[in-house]
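What follows is a short report on a single structure.
Where a number appears in this text, it was derived from the coordinates with a stated rule and is not lab data. Predicted, not measured: the structure shown is a model, and the values here were computed from it. For neighbour counting, all protein chains shown are included, and Cβ atoms are generated from backbone atoms with ideal geometry for every residue, glycine included.
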Amino acid sequence: MTGLFLINILLALAWGAVTGSFAEVNLFFGFVLGMMALYIIREQVGSDRYLRRFWQIGTLALLFIYELVLSALRVAAIVLRPKIDLKPGIIAYPLTVDRDFEITMLANLITLTPGTLSVDVSDDRRTLYVHCIDVPDKQATIDDIKNGFERKILEAFR
Amino acid sequence: MTPFYEIAVGIVLVVGSIFSLIATIGLLRLKDVYMRMHAGSKAGTLGSGLMLIALAVHAGEVDVLTRALAGVVFFLLTAPVAAHLLAKAAYQAGYQPCSDTHIDEMADEPK
């Protein structure tokens, strides 16, 4: 996994050396070319897992930006409403992910998504306390996170 | 720099500023520290990010572009952490959520 990433960087550097230019754009192009080369020999060196992971992390990043825009719009709609009438609450979210960096990542993603803000993790790493700006139905919010971000994280890092 | 770019940069800049303004209005209008954090962390991040991107496109140089993108990435990384820590610190310091708050499962947590 890491080895293939290093090879990919090496291929990008080789491309830079061959074309005689180490400009950022050219190195990036070399990196993409290296990825294509790894794709062609995927059966010999088993690189399809590596490429699939790249794809999954990419879609996770896109989903993240999309949700950020959505959540900013929603906050804007709430703030600009003439009368602010909300039902905020702090809910306990049962975690499925258990590794530290996955919890960190999920907490960060939750904070930047519509209406939710992670407040604390319980000491046994099983529960994430999430503050919701408007939570008429607690279970619906939990299901949203479970089927959205948490599943994406599990796909990308397992 | 064609007129098209100029207009696009201008629009993105204005939209970014509007989001920053909304974040500020949110800080003033929402009721307690936890709800204010929502406005600050989300609308604020998007506003600053959009303005940085507009700057990068306007400069039209690769080194400015990479620096601006690094700025956006660091905003995305640090804003949630800062909001989370502020909320956690506020809760531990005993700040009660406002009276509209109808669920508080953190109160049941064994200390």
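Observations on the model:
- Choice from A:Ile41, A:Ile133, A:Ile142 showing the highest fluctuation, given a GNM over chain A with Cα pairs closer than 10 Å: A:Ile41
- A cut-off of 5 Å between modelled amide H atoms, ignoring neighbours fewer than 5 places along the same chain, links A:Val121 with A:Tyr129.
- Sorting the Cα pairs of segment A:2-46 by distance into bins of 5 Å, from 0 upward, gives 6, 27, 30, 21, 11, 5, 1 percent per bin.
- log10 of Debye I(q)/I(0), alpha-carbon scatterers only, for the protein assembly as shown at 0.08, 0.11, 0.16 Å⁻¹: -0.42, -0.74, -1.21
- Alpha-carbon centroids, segment A:43-99 and segment B:1-42: separation in whole Å: 19 Å
- Listed values for segment A:115-127 are Karplus-derived 3J(HN,Hα) couplings in whole Hz (6.51 cos²θ - 1.76 cosθ + 1.60, θ = phi - 60°), namely x, 10, 8, 6, 9, 7, 10, 5, 5, 8, 6, 9, 10, and x replaces Gly and Pro.
- Among A:Lys87, A:Lys138, A:Lys146, residue whose mean-square fluctuation peaks in a GNM of chain A (springs only between Cα atoms under 10 Å): A:Lys87
- Look at the stretch A:62-71: the mean tally of other chain Cβ atoms within 10 Å of its residues' Cβ atoms is 3.
- In degrees, nearest ten, helix A:48-80 long axis to first principal axis of chain A (Cα): 30 degrees
- As a ratio to 2.2 N^0.38 Å, the alpha-carbon radius of gyration computed for segment B:3-95 takes the value 1.27.
- Residue with peak Gaussian network fluctuation, chain A [Cα springs, cutoff 10 Å], from A:Leu95, A:Leu60, A:Leu80: A:Leu80
- Placing +1 on the Cβ of every Lys and Arg and -1 on the Cβ of every Asp and Glu, with nothing else charged, gives segment A:1-130 a dipole about its Cα centre of roughly 340 debye.
- Three-way shape label, chain A, alpha-carbon gyration tensor, a/c 1.5: prolate
- Set of aspartates and glutamates with alpha-carbon distance to B:Lys88 below 18 Å, sequence-local pairs under 8 removed: A:Asp100, A:Asp120, A:Asp123, A:Asp124, B:Asp32, B:Asp104, B:Glu105, B:Asp108, B:Glu109
- Folded to 0 to 90 degrees: helix B:44-59 orientation relative to chain B principal axis, Cα: 10 degrees
- The long axis of helix B:62-92 is offset from the longest Cα principal axis of chain B by roughly 10 degrees.
- Each 5 Å bin from zero holds the following percent of Cα-Cα pairs in segment B:1-54: 4, 24, 23, 17, 12, 8, 6, 3, 2, 0.
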